[in-house]
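Participant: Before I ask anything, let me first share the structure, which is written out below as structure tokens.
The values are calculated or read from the model by the stated rules, or taken from the named source; none is laboratory data. Just so it is clear, the structure is predicted and the values come from calculations on it, not from any experiment. Reconstructed Cβ throughout: ideal geometry from the backbone, glycine too, with neighbour counts over all protein chains shown. The protein model used for the area step is the full one, side chains on, heavy atoms only, and it has no ligands, DNA or RNA in it. Shrake-Rupley method; radii C 1.70, N 1.55, O 1.52, S 1.80 Å.
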Amino acid sequence: MSYDVIGIGNAIVDVIAPATDTFLDRMGIEKGIMQLVERERAEMLYASMSERVEAPGGSVANTLAGIGALGLSTAFIGKVKDDALGRFYANTMEGAGTAFPHPPQHVDLPTSRSMIFVSPEGERSMNTYLGAGADLGRADVPDVFGPGILFLEGYLFDKDEGKTAFAEAAAKMKAAGGKTAITISDPFCADRHRADFQRLIAGDMDIAIGNAAEWTTLYQTDDLDRAIGMAAEACEIVACTRSGEDVWIRSGDTRATAPVTAMTVVDATGAGDQFAAGFLYGLSSGRDLETAARMGVIAAREVIGHIGPRPATDVAALFREAGLL
């Protein structure tokens, strides 16, 4: 079976809880970024959380959940251990309509999890234990590709195995006549993997999505327009979200924007993931760049209005209200 959108990335159980700035300081958590943690610290942070909400997550998995809710067929390629959390992850993804073609494995490391602390103003601080998910490699990539879109997660580049999975999936997608997209994931990812990302965007990617900090970090310039221009010279479609300001889209010499209206942020977790969901849904369903970007903005706006990284309301209905469907 082929799918409209296939994602590949870290299969991570998200554990979300509210936290004050005082709590973050006491626990030594740097506010507003993703930090990798070892197993012992992950267990300690998990035990410190109150009012926990657990859900299958990972950046690309969250994007696929949003796309699937809009009616397209989706599959997620990730690696989980055959433990309680891993079975929960696979079963919940399948139950929500996203195929999980690489079943839970008998491996040494436990299923990955991310402890996400949400500050009163909605900022999220992620503490991620990579576990089994980060060991996804070439041998874990099933042959499920077709003429759709493959979406890759920058975080997976933190281990060499992930790079082999990227290469295998991108080659299979190209051979099947599909397009490949990447999310840069984090400014620290752009800094750690600058050469690899620049090479990927120039050689293997048709679509690249990032925020302003990620693009300026990747191309080592404070001039955002210049950074986006450099990306657009190398990649067919480039999207840049700008933290509450209009989204910029570039494709060759074509420029498009999507307006962003200020609102109260309840939880910023998943904002970029759901922008990608709306944007890729628009591209996959044949919309023009501006319409696809506006879909991304609406999907992101929905998710920051509540706790959790996935839609809680009918995003398609929001698209219809905006005259986009």
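Participant: Highest GNM mean-square fluctuation, the chain, Cα pairs closer than 10 Å: which of Asp82, Asp206, Asp288?
Facilitator: Comparing Asp82, Asp206, Asp288 in the GNM, the peak value goes to Asp288.
Participant: Which order do the peptides 279-286, 119-126 come out in when sorted by mean C-beta neighbours inside 10 angstrom, highest first?
Facilitator: My ranking of the peptides, most packed first, is 279-286, 119-126.
Participant: Considering Cα pairs under 8 angstrom that are at least six residues apart, work out the relative contact order of the range 149-255 and quote it in whole percent.
Facilitator: Relative CO of the range 149-255 lands at 21 percent.
Participant: Further, regarding this structure: Kindly state, as a whole number, the per residue volume in cubic angstrom of the convex hull around the alpha carbon atoms of the chain. Write out the running numbers ahead of the final one.
Facilitator: On the way: hull volume 39.7 nm³, N = 325.
Given the Cα convex hull of the chain, per-residue volume reads 122 Å³.
Participant: Working only with C-alpha atoms, what are the Rg and Dmax values of the range 166-325, expressed in angstrom?
Facilitator: Answer for the range 166-325, Rg first and Dmax second: 15.3, 45 Å.
Participant: Per the Kirkwood formula on distinct C-alpha pairs, the Rh of the range 44-141 is how many angstrom?
Facilitator: 14.4
Participant: Ok, one more. Roughly how many debye, to the nearest 20, is the charge dipole of the chain about its Cα centre, given +1 on each Lys and Arg Cβ, -1 on each Asp and Glu Cβ, and no other charges?
Facilitator: That gives a dipole near 400 debye.
Participant: May I pose another question? Looking at the chain, send over the antiparallel percent of its DSSP beta bridges, to the nearest 5.
Facilitator: Rounded to the nearest five, the antiparallel share is 35 percent.
Participant: Let me ask something else about it. What do you get for Rg/Rh over the range 184-236 if you use C-alpha atoms and the Kirkwood form of Rh?
Facilitator: My calculation puts Rg/Rh at 0.91.
Participant: Pop out the carbon and sulfur fraction of the accessible area of the chain as a percent, whole number, probe 1.4 Å. Kindly include the intermediate steps, with their values, before the conclusion.
Facilitator: Numbers: 6370 of 13160 Å².
Ligands and nucleic acids excluded, carbon and sulfur reach 48 percent.
Participant: Relative to the Cα centre, what is the charge dipole magnitude of the range 198-293, using +1 at the beta carbon of each Lys and Arg, -1 at the beta carbon of each Asp and Glu, and rounding to the nearest 20 debye?
Facilitator: With only Lys, Arg, Asp and Glu charged at Cβ, the dipole is about 60 debye.
Participant: If you roll a 1.4 Å probe over the heavy atoms of the protein chains, what accessible area per residue do you get for the chain, in Å²?
Facilitator: 41
Participant: Mind scanning Lys79/Lys163; Lys31/Lys159; Lys81/Lys172 and naming the pairs with a C-alpha gap bigger than 20 Å?
Facilitator: Violating the 20 Å Cα-Cα cut-off are Lys31/Lys159; Lys81/Lys172.
Participant: I need to check one value: relative contact order of the chain, counting alpha carbon pairs closer than 8 Å and at least 6 residues apart, in percent.
Facilitator: Details: 745 pairs, mean separation 54.7, N = 325.
Averaging sequence separation for qualifying contacts and normalising by length gives 17 percent for the chain.
Participant: Can you check what the net charge comes to around Pro110, using other residues whose Cβ is under 9 Å from the Cβ of Pro110 (Lys, Arg +1; Asp, Glu -1)?
Facilitator: On the way: positive: Arg39, Lys81, Arg113; negative: Asp83, Asp108.
Its environment carries a net charge of +1.
Participant: Let me ask something else. Mean-square fluctuation check for the chain, GNM, Cα pairs under 10 Å: which of Ser50, Ser112, Ser185 is largest?
Facilitator: Sorting by GNM fluctuation, first place goes to Ser50.
Participant: Going Cα to Cα from Lys179, which lysines come in below 17 Å? Please leave out same-chain ones fewer than 8 positions away.
Facilitator: none
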